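Structure in structure tokens, see below.
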Amino acid sequence: MKKYSAEFFGTFWLVLGGCGSAVLAAAFPDVGIGLLGVSLAFGLTVLTMAFAIGHISGCHLNPAVSFGLWAGGRFPTKDLIPYIVAQVLGGIAAGGVLYIIASGKAGFDVSAGFASNGYGEHSPGGYSLLAALVTEIVMTMMFLLVIMGATDKRAPQGFAPIAIGLCLTLIHLISIPVTNTSVNPARSTGVAVFVGDWAVAQLWLFWVAPIVGGILGAMIYRFLGREEG
């Protein structure tokens, strides 16, 4: 239960920190943190939690990461579903806390997006379903490639959280205009359930694409990182 609880609180922090920065601070009058700030916020949530709970649960915080590590031979099948349940519940709990905070401001309108992920008319830049699908698959694929490589026993020890956090920051810098960046079904679900409507209708893509990408990235690293002989 300690592992599952760690995943719950870790994912809670990721969604509250990342989506919270987008909802509360990104466009704050005159001193908004913008896309760069939101990207850094997501990266910092993973970096801080990797140091805090990495030794307890491995700090997945993301069903796509759990699926990827499972496909890469780094994670047992028996823990896959419990991890995903804990991650999704943590994401929804964070979405609830963020909703309470955000709705304390006059004029708050959850239908404006609430940091939800989307494509087509709900993409920040108006990108198509295909563009969103490719973006989420490729970004998550590269994320798992970095995670697998940085946590390999042959890699420099103690630096994995930094590499993983910076990778997630870079992913957001690239893809926020396309999908508002998911690469994480729990992050997407955590806010989509409060928006309902289109956010829930489009949520399927932000489950399917990250999981496919995560598995692909892990399989690529299994090939690249295989020790000869």
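The values are calculated or read from the model by the stated rules, or taken from the named source; none is laboratory data. Bear in mind that the values here come from a model prediction, so they are computed numbers and not experimental data. So basically every Cβ, Gly included, is an ideal-geometry build from the backbone, and we count neighbours across all protein chains shown. The area values use the complete protein model at the heavy-atom level, side chains included, leaving out ligands, DNA and RNA. Shrake-Rupley method; radii C 1.70, N 1.55, O 1.52, S 1.80 Å.
Scan the helices (runs of 4 or more DSSP H) fully inside the range 1-71 and keep the ones with 1 or more residues being closer than 17 Å to P177 by Cα and free of Cβ contacts under 8 Å to residues at least 60 places away in the same chain.
Values: elements: 2-20, 34-57, 63-71.
Passing ranges, in order: 34-57.
Pairs under 6 Å by beta carbon, first residue over 21 Å from L14 (Cα atoms) in the range 93-114, partner open to solvent by less than 10 Å² (accessible area, probe 1.4 Å), six or more apart or different chains?
F108/A102
Right, something else. So, of the residues in the range 182-229 that are open to solvent by 10 Å² or more (accessible area, probe 1.4 Å) and of a type in the set (D, E, K, R), which turns out to be nearest to V15 (Cα to Cα)?
Checked the range 182-229; the qualifying residue nearest to V15 (Cα to Cα) is D197.
Let me ask something else. Looking only at the range 72-93, which residues are in a helix (DSSP H, G or I), open to solvent by 40 Å² or more (accessible area, probe 1.4 Å) and over 16 Å from M1 (Cβ atoms)?
If the condition is that a residue be in a helix (DSSP H, G or I), open to solvent by 40 Å² or more (accessible area, probe 1.4 Å) and over 16 Å from M1 (Cβ atoms), then T77, I92 are the ones that fit.
OK, next. Kindly provide the set of residues from the range 125-183 that are assigned to a loop (DSSP other than H, G, I, E, B) and closer than 18 Å to L216 by Cα, ordered by number. Outline the logic, then answer.
Going residue by residue through the range 125-183, those that are assigned to a loop (DSSP other than H, G, I, E, B) are 125-128, 151-159, 180-183.
Matches in the range 125-183: T151, D152, S182, V183.
Kindly list, by first and then second residue, each pair from a residue in the range 156-178 that is over 18 Å from L44 (Cβ atoms) and open to solvent by less than 50 Å² (accessible area, probe 1.4 Å) to a residue that is at pLDDT below 95 and in a helix (DSSP H, G or I), limited to pairs with Cβ atoms under 9 Å and residues at least 6 apart or on different chains.
P177/L35
While we're on this one: Report yes if A41 is open to solvent by less than 70 Å² (accessible area, probe 1.4 Å), among the hydrophobic types (A, V, I, L, M, F, W, C) and under 16 Å from the mean Cα position of the chain (by Cα), otherwise no.
The answer is yes for A41.
Quick one: S128 ticks every box in (1) touching a Phe, Trp or Tyr at 6+ places or on another chain (Cβ under 7 Å); (2) open to solvent by less than 10 Å² (accessible area, probe 1.4 Å) except a single one, so which number is it?
The one condition S128 does not meet is (2).
For the structure I just gave you, tell me whether T140 is of a type in the set (V, I, T), crowded, with 24+ Cβ neighbours inside 10 Å and either within 24 Å of F9 (Cβ to Cβ) or in contact (Cβ under 8 Å) with a residue 24 or more places away in the chain (or both). Let's see the steps before the verdict.
Numbers: of a type in the set (V, I, T): yes; crowded, with 24+ Cβ neighbours inside 10 Å: yes; either within 24 Å of F9 (Cβ to Cβ) or in contact (Cβ under 8 Å) with a residue 24 or more places away in the chain (or both): yes.
Here the answer is yes, as T140 does meet what is asked.
Here is a yes/no grid of residues against (1) among the aliphatic types (A, V, I, L, M); (2) crowded, with 23+ Cβ neighbours inside 10 Å; (3) at pLDDT below 95:
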| position | (1), (2), (3) |
| --- | --- |
| C59 | no, yes, yes |
| A112 | yes, no, yes |
| T135 | no, yes, no |
| A150 | yes, no, yes |
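Quick check: is even one residue across the range 9-32 at pLDDT 95 or above, small (G, A, S) and open to solvent by less than 10 Å² (accessible area, probe 1.4 Å)?
Yes, there is a match, as at least one residue in the range 9-32 is at pLDDT 95 or above, small (G, A, S) and open to solvent by less than 10 Å² (accessible area, probe 1.4 Å).
Related question: Take the residues in the range 94-110 that are assigned to a helix (DSSP H, G or I) and not small (G, A, S); name whichever of them is least open to solvent (accessible area, probe 1.4 Å).
Taking the range 94-110 and keeping what is assigned to a helix (DSSP H, G or I), we get 94-102, 110.
Now drop any that are not not small (G, A, S), which leaves 97-101, 110.
Working: V97: 54, L98: 1, Y99: 82, I100: 121, I101: 92, V110: 31 Å².
Out of the qualifying residues, it is L98.
Going through S66, S57, S5 one at a time, which residue ends up being more than 16 Å from the chain's Cα centre (by Cα) and under 15 Å from I147 (Cα atoms)? It would help to see each step written out before you state the result.
Values: S66 fails: more than 16 Å from the chain's Cα centre (by Cα); S5 fails: under 15 Å from I147 (Cα atoms).
Residue meeting the stated conditions: S57.
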